[in-house]
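S.K.: Shown below is the structure under consideration.
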Amino acid sequence: MVKCWQQAHESIADIPLLDGWGEKHRLFVKWKHMEAKAAAYYYHVLILDESNTEKSQRAAVAALQSAEESLRESRAVCEAFHSASPCRVDGEHEMVLPLQEREPCK
């Protein structure tokens, strides 16, 4: 998943999206890329944690820190995505939802 979202993140810059949705699309791809990185680091931690060597334990701690950092960045991009205009289109009218009515970032 990380590789797929990385390729999408790199490729979307080449696509001219001038209709106001371009930034929203870029933020979505970045959000999902960071989310996939956080998951990959987390699963790497689980694999490393099965080993009983000190080297593996140190690597697991480092991977867990990377997972937490990726998750923090993912949440920040999620918030930027949800607050970017246009927020929601209903027919021809743009509706901006209050923050408490938006889907929470996971």
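S.K.: Ignoring ligands, DNA and RNA, what accessible area per residue does the range 1-83 give at 1.4 Å, in Å²?
M.R.: Value returned for the range 1-83: 67 Å² of accessible area per residue.
S.K.: I need the GluC sites (Glu not before Pro) found in the range 13-70, filtered to DSSP loop residues with at most 11 other beta carbons within 10 Å of theirs.
M.R.: Those satisfying the criteria are GLU50.
S.K.: For the range 1-83, just the Cα atoms, rotate onto the principal axes and tell me the three extents in Å, largest first.
M.R.: 54, 23, 12
S.K.: Do you know the relative contact order of the range 1-83, to the nearest whole percent, from alpha carbon pairs under 8 angstrom that are 6+ apart?
M.R.: Computed over the range 1-83, the figure is 35 percent.
S.K.: Could you calculate the FRET efficiency of HIS25 with LYS3 from 1/(1 + (r/R0)^6), where r is the beta carbon distance between them and R0 is 22 Å, rounded to 0.05?
M.R.: According to the calculation, E is roughly 0.70.
S.K.: Continuing with the same structure: What's the lysine pair count for the range 1-83 at a Cα cut-off below 24 Å, pairs eight or more apart or interchain?
M.R.: Lysine pair count for the range 1-83: 7.
The values are calculated or read from the model by the stated rules, or taken from the named source; none is laboratory data. The model shown is predicted, which means the values in this text are computed figures rather than measured ones. Here Cβ is always computed from backbone atoms with ideal geometry, including for glycine, and neighbour counts include all displayed protein chains. The protein model used for the area step is the full one, side chains on, heavy atoms only, and it has no ligands, DNA or RNA in it. Shrake-Rupley method; radii C 1.70, N 1.55, O 1.52, S 1.80 Å.
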